[in-house]
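Only one structure is covered here, and it is reproduced in the block below.
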Amino acid sequence: VQRLEESGGGSVQAGGSLKLSCTASQGAYSTYCMAWFRQVPGKKREGVARIYVNVRSTYYADSVKGRFTISQNYAANTLYLQMNNLKQEDTGMYYCASVDTGCDRVHDLENVELWGQGTQVTVSP
């Protein structure tokens, strides 16, 4: 069964940095688009960033532009999210996902083929 597995989460002070990784089993890494989402308990899951796998165009939520960078090592079936200048509001469970259409729609919760289980990011003031 195909799977995505996130890692790299943790607890950091505001202003700090973390780098998340998402490793895919064979066939789980999209040939089209990969994405990062996050969710706080009681709130709807929200899009964070996306990368068009082949063209490598990237798309970001306004709240993270200039601070987060999505990248990939396609040969290693690995997706990354570099998070700099973290803010308390960045706290949440971060999920990677494969997306089958509409890569530019960063906030779209539809068209997700596969979800990872998530990695927790906690930013303290």
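The values are calculated or read from the model by the stated rules, or taken from the named source; none is laboratory data. Computed from a predicted structure; not experimentally measured. No Cβ is skipped: glycine too gets one built from the backbone with ideal geometry, and neighbour counts run over all protein chains shown. These area figures cover heavy atoms from the full protein model, side chains too; ligands, DNA and RNA do not enter into them. Shrake-Rupley method; radii C 1.70, N 1.55, O 1.52, S 1.80 Å.
Placing R0 at 25 angstrom, the Cβ-Cβ distance between Gln26 and Arg105 gives a FRET efficiency of 0.40 after rounding to 0.05. Within the accessible area of the chain, the carbon and sulfur atoms contribute 44%, probe 1.4 Å, all protein chains present. A straight chain from Gln82 to Lys43 at 0.36 nm per residue would run longer than the Cα-Cα distance by 11.7 nm.
Taking all protein chains into account, the per residue accessible area for segment 26-125 stands at 50 Å² (1.4 Å probe). Rolling a 1.4 Å probe across all protein chains gives Cys33 an accessible area of roughly 0 Å².
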